[in-house]
1. Return the total of residues in the range 1-43 being among the hydroxyl-bearing types (S, T, Y), in contact with a strand residue (DSSP E or B) (Cβ under 8 Å, 6 or more places away or on another chain) and modelled with pLDDT of 80 or more.
2. Filter the range 15-43 for residues that are assigned to a loop (DSSP other than H, G, I, E, B) and in contact (Cβ under 8 Å) with a residue 40 or more places away in the chain; which is nearest to G130 (Cα to Cα)?
3. Just for the range 44-101: of the residues that are of a type in the set (D, E) and more than 28 Å from P160 (Cα to Cα), which one is farthest from the chain's Cα centre (by Cα)?
4. Among the residues of the range 44-64, write down those that are more than 14 Å from L91 (Cβ to Cβ) and either modelled with pLDDT of 75 or more or part of a helix (DSSP H, G or I) (or both).
5. Name, by its number, the condition in (1) within 22 Å of H4 (Cβ to Cβ); (2) of a type in the set (G, A, S); (3) surrounded by fewer than 17 Cβ atoms within 10 Å (Cβ to Cβ) that does not hold for G117.
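The values are calculated or read from the model by the stated rules, or taken from the named source; none is laboratory data. Quantities reported herein were computed from a predicted structural model and do not represent experimental measurements. Cβ: placed from backbone, ideal geometry, glycine included. Neighbour counts: every protein chain shown.
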Amino acid sequence: MSLHDGTVVRLRPMTAGDEPALRAFVEAISPESRRLRFCGSISPERAAALLTDCSCPGDRALIAAVPGARSIVAHAASYRLGPDLAEVAFLVADAWQGHGLGSLMLSRLAAEAGEQGVRSLFADVAPENGRMLTVFKRLGHPVQIRPDGGLVEVRISIPPSVPAPALAA
């Protein structure tokens, strides 16, 4: 798939074999990017453990990599919270932020969630994470954004007939 600047990335479901590369990805992320993703300070080890845990039914994780490279440049996941609700979260390598990768991954997750009966996506976002809030606003689905304590709660309505683009194997 191509990003805004024409760079090609490969999106695919995360597998158990991705754990070492995912750990290396998280260790290379700046503390600020980890803080924004997890809404607080977190060690690379703990962050990697949380990203690799998609063990509940309906959970879905995607990784992005440059074709021909083994390193991961982004991780996105949806975590099923109920029959029609899922939480979404993203972590994009610092050098890859602002190129449309988060938007691409959100679009894929929203489509797949819609196919599985999810009608609403949820995210807690740090108020200073303007890039992520913009990604949610630009998805093209109805979005509600409201302050919630020290965070911003985002809810996205998913129509029932959103087709998911095919994933690379």
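1. Pass one, the range 1-43, residues among the hydroxyl-bearing types (S, T, Y): 2, 7, 15, 30, 33, 41, 43.
If we keep only those that are in contact with a strand residue (DSSP E or B) (Cβ under 8 Å, 6 or more places away or on another chain) too, we end up with 2, 33.
Add one more test, that the residue is modelled with pLDDT of 80 or more, and what stays is 33.
Of the residues in the range 1-43, 1 are among the hydroxyl-bearing types (S, T, Y), in contact with a strand residue (DSSP E or B) (Cβ under 8 Å, 6 or more places away or on another chain) and modelled with pLDDT of 80 or more.
2. As a first pass, look at the range 15-43 and keep what is assigned to a loop (DSSP other than H, G, I, E, B): 15, 29-30, 39-43.
Subsequent filtering for residues that are in contact (Cβ under 8 Å) with a residue 40 or more places away in the chain retains 29-30, 39.
Working: I29: 18, S30: 17, C39: 13 Å.
The extreme case among them is C39.
3. So in the range 44-101, the residues of a type in the set (D, E) come out as 45, 53, 59, 84, 87, 94.
Those still in the list that are more than 28 Å from P160 (Cα to Cα) too: 45, 94.
Details: E45: 19, D94: 14 Å.
My answer is E45.
4. E45, G58, D59, R60
5. Exception for G117: condition (1).
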